[in-house]
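The values are calculated or read from the model by the stated rules, or taken from the named source; none is laboratory data. Quick caveat: nothing in here was measured; it's all calculated off a predicted structure. Cβ sites come from the backbone with ideal geometry, for glycine too, and all protein chains shown count toward neighbours. Heads up: the accessible areas ignore ligands, DNA and RNA and are worked out on the full protein's heavy atoms, side chains in. Shrake-Rupley method; radii C 1.70, N 1.55, O 1.52, S 1.80 Å.
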Amino acid sequence: MNRQQFMQAMEIHLRPMDPLERAELLADYEQHFEMGLREGRPAEEIARELGHPIEIAKEALGDRYDAHTPGSDPFYAPTFEEMRSQQKKGNRAARNFFTAIGLFFLNIILAIPLGLTLWSVWLTIASLSLLVLAPVAAAVDFLYFGHFEYSELFVSIGVFGIGILFAIATKSVFKSFKSITLQYIRWNQKTMKGDDV
């Protein structure tokens, strides 16, 4: 077996190995050939000394190498990436099941009560913004009941200002809570899809 045949066989038999790890190992064997050829030794002799590519692959791959598995012909052996994707598919159903259960309990116990609390705070602030109608109430009191006091006018103007502040707060709190809610929903979706968070 010459150098080219040896290296091709190594490449084929080491397919299940991580590409970087495989490249490192192949570079080591290339270096053995380089050093031997510089010493004037024939490539066939160097290949014999290094050993048979199948034996080297068995040792390097360990339990990843199985000669008795159907379709274990090295030309058709799965690459490292193919093996990883098969493992991911196999584990995906169980992972999705347990992720769904975990998210369900997280949402029921923590997220939904906390979310309802946050939105009820917003609803309280929004209802307090109705204080802007205080001058209207004072005007109705004057028009229908003929009752007018300066103190009532000043209080209604003050309450009107407080209502405006609550209306401004309602808008900014709504934006914040909406953003938090949407981010949490997106996080749930990404977690269920199995994306990295």
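A quick yes/no check of all residues on (1) part of a helix (DSSP H, G or I); (2) of a type in the set (Ser, Thr, Tyr); (3) crowded, with 18+ Cβ neighbours inside 10 Å:
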{"residue": "Gln8", "(1), (2), (3)": "yes, no, no"}
{"residue": "Asp28", "(1), (2), (3)": "yes, no, no"}
{"residue": "Phe33", "(1), (2), (3)": "yes, no, yes"}
{"residue": "Leu37", "(1), (2), (3)": "yes, no, no"}
{"residue": "Arg41", "(1), (2), (3)": "no, no, no"}
{"residue": "Glu49", "(1), (2), (3)": "yes, no, no"}
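Restricting attention to the stretch 45-53, does a residue exist that is at pLDDT 55 or above and small (Gly, Ala, Ser)? So far as the stretch 45-53 goes, yes, one or more of its residues are at pLDDT 55 or above and small (Gly, Ala, Ser). Scanning the stretch 107-127 for residues that are open to solvent by 60 Å² or more (accessible area, probe 1.4 Å) and free of Cβ contacts under 8 Å to residues at least 40 places away in the same chain turns up Ile108, Ile109, Leu110, Ile112, Leu114, Leu116, Thr117, Leu123, Thr124, Ser127. Taken together, the criteria exclude Thr170 from residues that are of a type in the set (Ser, Thr, Tyr), part of a helix (DSSP H, G or I), surrounded by 14 or more Cβ atoms within 10 Å (Cβ to Cβ) and under 25 Å from the mean Cα position of the chain (by Cα).
Take Val155 and decide whether it is aliphatic (A, V, I, L, M), part of a helix (DSSP H, G or I), open to solvent by 80 Å² or more (accessible area, probe 1.4 Å) and touching a residue at least 12 places away in the same chain (Cβ under 8 Å).
yes
Selection over the stretch 11-69 of residues that are within 16 Å of Met1 (Cα to Cα), among the hydrophobic types (A, V, I, L, M, F, W, C) and out of contact with any Leu (no Cβ under 8 Å at 6 or more places or on another chain) gives a count of 6. Within the stretch 60-80, is there a residue that is at pLDDT below 80, exposed (fewer than 15 other Cβ atoms within 10 Å of the Cβ) and part of a helix (DSSP H, G or I)? Within the stretch 60-80, one or more residues are at pLDDT below 80, exposed (fewer than 15 other Cβ atoms within 10 Å of the Cβ) and part of a helix (DSSP H, G or I). Checking each residue in the stretch 128-152 for being open to solvent by 70 Å² or more (accessible area, probe 1.4 Å) and either assigned to a helix (DSSP H, G or I) or β-branched (Val, Ile, Thr) (or both) picks out Leu130, Leu133, Val136, Phe142, Leu143, Tyr144, Phe145, Tyr150. Scanning the stretch 179-197 for residues that are at pLDDT below 85 and either touching an Asp or Glu at 6+ places or on another chain (Cβ under 6 Å) or in a helix (DSSP H, G or I) (or both), we see that the one that is most open to solvent (accessible area, probe 1.4 Å) is Lys193.
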